Amino acid sequence: DINNAVAWLDASTTPDSTVVIFYAGHVRKLDSQTEAIVAADGGVLPDWYLARQLDPLPAHNTWIVMAACYGGGFDELMKPGRILTAAADANSLAYENTTYGNSYLVEYMVDRAMREGRAAGSVEASYMWAYDALRRDHPNRMPVQYDDVDGELRLGPPPAGPPPGQTSQPS
């Protein structure tokens, strides 16, 4: 199913697309340089294989989220226009919190920063808000982020108002 989803993304996106790839699940460390998604059927998708599958993705911007142990090790997926946000670096475990009902990364970056609007509307601003809050509240649960997007990556519809570079004038 993961392979089919990636193939669909490759075929369905355009150079104007913004893609979000969000994985929350188990990752296994295969060796010192290789991490792999553990699929529901027990099969594994190594980081290098997933990178090869995503290489033709034509999207202008892609946000890849790995809410999993060793998620920072998926840096092979990086290329211009992409951000990788991970719940833990390549050599660390990630954790969920039963009180929150999800992982520390999802609670702080997605729920609090993005959904509750505590950060200023971009992936980068949301990550920095979550990073600072986690450093204060749970310093042993720090996420990592690799950013190769020119400018800021904003998700959702563009803000209301005139196009960039134009000013509205009264009629």
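The values are calculated or read from the model by the stated rules, or taken from the named source; none is laboratory data. None of the values given here were measured: they were computed from a predicted structure. Cβ sites come from the backbone with ideal geometry, for glycine too, and all protein chains shown count toward neighbours. The protein model used for the area step is the full one, side chains on, heavy atoms only, and it has no ligands, DNA or RNA in it. Shrake-Rupley method; radii C 1.70, N 1.55, O 1.52, S 1.80 Å.
Could you give the dipole magnitude of the chain about its Cα centre, charging the beta-carbon of Lys and Arg +1 and that of Asp and Glu -1, in debye to the nearest 20?
The calculation lands at about 340 debye.
Rounded to the nearest whole Å², what accessible area per residue is found for the range 1-118 with the 1.4 Å probe?
Heavy-atom SASA per residue in the range 1-118 reads 50 Å².
With a 1.4 Å probe and every protein chain kept in, tell me what percent of the accessible surface of the chain is carbon plus sulfur.
Percent of accessible area from carbon and sulfur atoms in the chain: 51.
Given the rule -39500 (n - 2.57) for each run of at least 4 DSSP H residues, summed and divided by the residues of the chain, what is its mean residue ellipticity at 222 nm, to the nearest 500 deg cm²/dmol?
Calculated from helices alone, the mean residue ellipticity at 222 nm is -6000 deg cm²/dmol.
Give the percent of DSSP beta bridges with both residues in the chain that are antiparallel, rounded to the nearest 5.
Around 55 percent of the beta bridges assigned by DSSP in the chain are antiparallel ones.
For every other residue with a beta carbon closer than 12 angstrom to the beta carbon of R112, add +1 if it is Lys or Arg and -1 if Asp or Glu, then tell me the sum.
-3
What share of Cα pairs, in percent, lie more than 17 angstrom apart in the range 9-69?
45
Please state the relative contact order of the chain as a whole percent: Cα pairs under 8 Å, 6+ residues apart?
18
Please work out the ratio of the alpha-carbon Rg of the chain to 2.2 N^0.38 Å and round it to two decimals.
Normalised Rg, Cα atoms only: 1.11.
For the charge dipole of the chain, defined by +1 on Lys and Arg C-beta atoms and -1 on Asp and Glu C-beta atoms about the Cα centroid, which residue among W63, P139, A94 has the Cα displaced farthest towards the positive pole?
The one lying farthest along the dipole's positive direction is P139.
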